[in-house]
Each structure stands twice: as C-alpha cells, then as structure tokens.
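Enquirer: I'd like to ask you about the structure that follows.
The values are calculated or read from the model by the stated rules, or taken from the named source; none is laboratory data. These figures come from a predicted structure and were not determined experimentally. Every residue, glycine as well, gets a Cβ built from its backbone with ideal geometry; the counts of neighbours run over all protein chains shown.
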Amino acid sequence: MQKNNLNLDENQKLYNVLKEINPSSKKRLSEELFITLRNSILSGELPEGYIFPNEIELCKKLDIGRSTLREAYAPLERLNLICRTKNGTYVNSESEIKNPMNFDLVAKYSHSKDIMEFREIIEVGIAYSAAKNATKDDVKKLESLVKLMKKSFNDPASLTIYDFEFHSELARISGNELFLIALQVVRVSYERFVYNAFKKDLFQQSIEDHLSLIEALRKNDPKMAKTIMRGHLKHIKNVGLLD
C-alpha cells in the first residue's frame with residue numbers, strides 16, 4: 001500500500017511538472033515533453049523504478065494525443081532512461097542509466113574543465129552561425145532574455161536559467177539542430193557550472209558580454225560574434241572555477 005501511495009504522489013508531481021509546459025512556436029510539444037521528462041529523471045525527481053501512468057490516462061490528463069507522448073518517449077528509451085514493456089513504462093535503475101554511451105549521464109558527471117572545453121568548441125561555432133542568420137526578431141528575443149537576467153541580479157538560480165535560455169536561443173538562431181541538441185544534453189552540468197560562476201560575481205561581466213553578442217548579431221557579423229564568445233568563455237575561466 002505504501003508503494004502505491006508513493007507512486008500516486010509521484011504521479012501528481014509528474015502532472016504538476018508537465019502541465020506547466022508551454023511550447024514555443026519553434027518547438028514541438030513532443031520535444032518539450034522529452035526535455036522535461038529527461039531533466040526530471042536526471043535530477044531524480046522521477047526516481048528509478050517509477051512507473052508512468054498508462055498512456056490513455058496520461059494523455060487524457062495532459063490533453064495530448066498518444067502519438068505526441070510516444071514521440072517524447074522514443075528518445076528517452078534510446079537514451080536508456082526508461083523501459084517500455086507490455087506491462088507499462090518505468091524509469092530505469094541508475095546502474096542501467098549509467099551507460100558509457102549515454103551522453104546525458106556522462107555530461108552530468110563531467111569535470112568542469114571538460115564542460116568548459118566543450119563550450120569553447122561548440123559555442124564559438126554557435127555564435128558564428130547565429131550571427132549569419134539573425135533577424136530583427138531574433139535580436140529582440142535575446143534582448144528580452146538579457147532584461148530578465150538584469151532583473152534577477154540577486155537570484156543566481158534564475159540567472160542560470162535565463163543564461164541557458166540565451167545560449168539555447170543562439171543555438172536555435174544558428175539553424176543547426178545539432179548545436180541545440182548538444183547544449184540540451186549537457187544542460188544539467190552546464191547550469192551547475194554557470195550557477196557557481198554567478199555566485200562568484202560574474203554578473204556584470206556576463207551582462208556586458210551578452211549585450212556585445214547581441215550587437216554582433218544585430219550587425220550580422222560572424223567574426224565579431226566568434227571573438228566575443230571566445231572572450232566571454234575566457235572571462236568564465238578567469239573566475240577560478242576550473243581549479
């Protein structure tokens with residue numbers, strides 16, 4: 001009985017998380033579901049052995065089609081985060097999830113130096129491509145995110161979220177879906193790393209760097225964007241997070 005009650009409580013947590021999803025025009029609902037479920041599993045919010053409600057019940061609760069849910073489940077299964085059987089869908093055990101081929105988990109436990117090197121390689125390319133493709137609307141979206149960052153001056157957790165959204169938006173603007181996926185799969189480690197950076201008084205420098213990146217995109221100047229991104233990442237290195 002206790003186990004059943006536990007699963008009921010976790011079901012309610014799941015519903016509460018998923019009902020907040022508000023997909024943007026750039027992202028399908030199934031993608032939003034996948035990202036939200038993936039992050040909930042990696043954070044432990046949905047623990048190993050958690051049994052999802054049956055598809056009919058879950059779809060009815062979320063007011064979505066079964067095809068949408070199955071599209072969200074498919075990449076979770078490929079990442080070995082869940083197991084789908086005739087008897088239901090459940091979260092895999094930690095030992096099953098920790099597979100060398102599971103990049104999500106490898107990234108989650110990576111050293112900060114590895115995350116920094118990853119960012120230096122990936123994000124310089126993202127900035128370069130984004131500057132080539134940026135439109136006025138793209139620039140406005142980035143400006144709105146910087147405004148949110150400024151309002152969150154004393155809140156490192158919110159700053160971290162808006163920072164990730166800013167860099168994800170750059171990846172989207174680049175037009176290369178692989179860039180966006182690359183950032184998403186290291187989100188947990190990325191946000192932990194950035195959170196610590198903001199706690200070390202990187203706020204003002206980060207705002208200046210983000211505004212400079214926006215200016216490079218406004219001018220559609222890829223070389224300028226690449227140089228600014230390199231400098232931005234160097235500033236992060238200089239706060240001493242890699243010791």
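Enquirer: Across the range 186-243, what is the number of residues that are modelled with pLDDT of 75 or more, of a type in the set (A, V, I, L, M) and in a helix (DSSP H, G or I)?
Expert: So the count comes out to 13.
Enquirer: Okay, next question. When you scan the range 41-81, how many residues do you find that are surrounded by fewer than 17 Cβ atoms within 10 Å (Cβ to Cβ), touching a residue at least 24 places away in the same chain (Cβ under 8 Å) and either not in a helix (DSSP H, G or I) or not assigned by TED's automatic domain parsing to the domain that holds L29 (or both)?
Expert: Result for the range 41-81: 7.
Enquirer: Could you list, in sequence order, all residues of the range 151-164 that are in a helix (DSSP H, G or I) and loosely packed, with under 15 Cβ neighbours inside 10 Å?
Expert: K151, A157
Enquirer: Looking only at residues that are in contact (Cβ under 8 Å) with a residue 40 or more places away in the chain and not polar (S, T, N, Q) in the range 205-217, which one is surrounded by the most Cβ atoms within 10 Å (Cβ to Cβ)?
Expert: Result: L217.
Enquirer: Here is a further query. Listed residues L183, L202; which is crowded, with 17+ Cβ neighbours inside 10 Å and either among the charged types (D, E, K, R) or under 16 Å from the mean Cα position of the chain (by Cα) (or both)?
Expert: After applying the criteria, what remains is L183.
Enquirer: Filter the range 133-172 for residues that are within 11 Å of F203 (Cα to Cα) and of a type in the set (S, T, Y) and give the result.
Expert: S152, T160
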